[in-house]
Amino acid sequence: MTQDIDPNLLEPPSALQTHLGYRLSAWFKDFARLELPLEPFLMNRQGLPHGGIHATMLDTAMGFAGCYTGDPERQQMALTLSLTVNYLGQATGTRLIAEARRTGGGKSTYFAEGTVRDETGALLATGTGVFRYRRDRNP
């Protein structure tokens, strides 16, 4: 499922994205993929990626999955209403890959699910979320 991202649809990276180092590697209707190289500052006391990193990757990927418009003049934003994360395994690779799909919803809210794996394919976490579409870009 490889599909190039139209560079006209990409927005400038947020401060959080720049700090953590993740990038959007696939984005189309109802789907998004993020990738994050593992760096020492992302690790917990045990030397494993901090659970908050998995949660952030899932939240962000699911947020993008529900907000694709295909039109650079019509940017869609959403707020997270609920996020559930299930931690299933430990990373052995050097990169986290979060994939998310919009699974349903309506005019004002949508539902999504996602996974976090490392590049070896090991399943590290799953998540579900409920999101509310925003009418404007400003909080």
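Observations
- Residues of the range 118-134 that are in contact with a Leu (Cβ under 7 Å, 6 or more places away or on another chain) and within 18 Å of residue 63 (Cα to Cα): 125, 126, 127, 129, 130, 131, 132, 134.
- A Cβ distance below 8 Å, combined with a sequence gap of six or more or placement on separate chains, defines the contacts here; from the range 36-63, residues that are within 23 Å of residue 84 (Cβ to Cβ) reach residues that are part of a strand (DSSP E or B) and acidic (Asp, Glu) in the pairs 61/99; 62/113.
- The set of residues in the range 39-84 being farther than 22 Å from residue 25 by Cα and among the β-branched types (Val, Ile, Thr) consists of 84 alone.
- Residue in the range 95-107 that is hydroxyl-bearing (Ser, Thr, Tyr) and not in a strand (DSSP E or B) present: no
- Filter result (touching a Lys or Arg at 6+ places or on another chain (Cβ under 8 Å) and of a type in the set (A, V, I, L, M)) within the range 63-97: 65, 77, 78, 79, 81, 96, 97
- Positions within the range 101-137 being under 9 Å from residue 66 (Cα atoms) and of a type in the set (A, V, I, L, M, F, W, C), in sequence order: 111, 112, 131
- The set of residues from the range 93-122 being surrounded by fewer than 18 Cβ atoms within 10 Å (Cβ to Cβ) and closer than 19 Å to residue 37 by Cβ comprises 93, 94, 95, 119, 120, 121, 122.
- Checking each residue of the range 34-50 against the condition of being modelled with pLDDT of 95 or more, buried (at least 19 other Cβ atoms within 10 Å of the Cβ), under 19 Å from residue 131 (Cα atoms) and within 14 Å of the chain's Cα centre (by Cα) gives at least one match.
The values are calculated or read from the model by the stated rules, or taken from the named source; none is laboratory data. Keep in mind that this is a model prediction, so the values were computed, not measured. Here the Cβ is made from the backbone with ideal geometry for all residues, glycine too, and neighbour counts use every protein chain on show.
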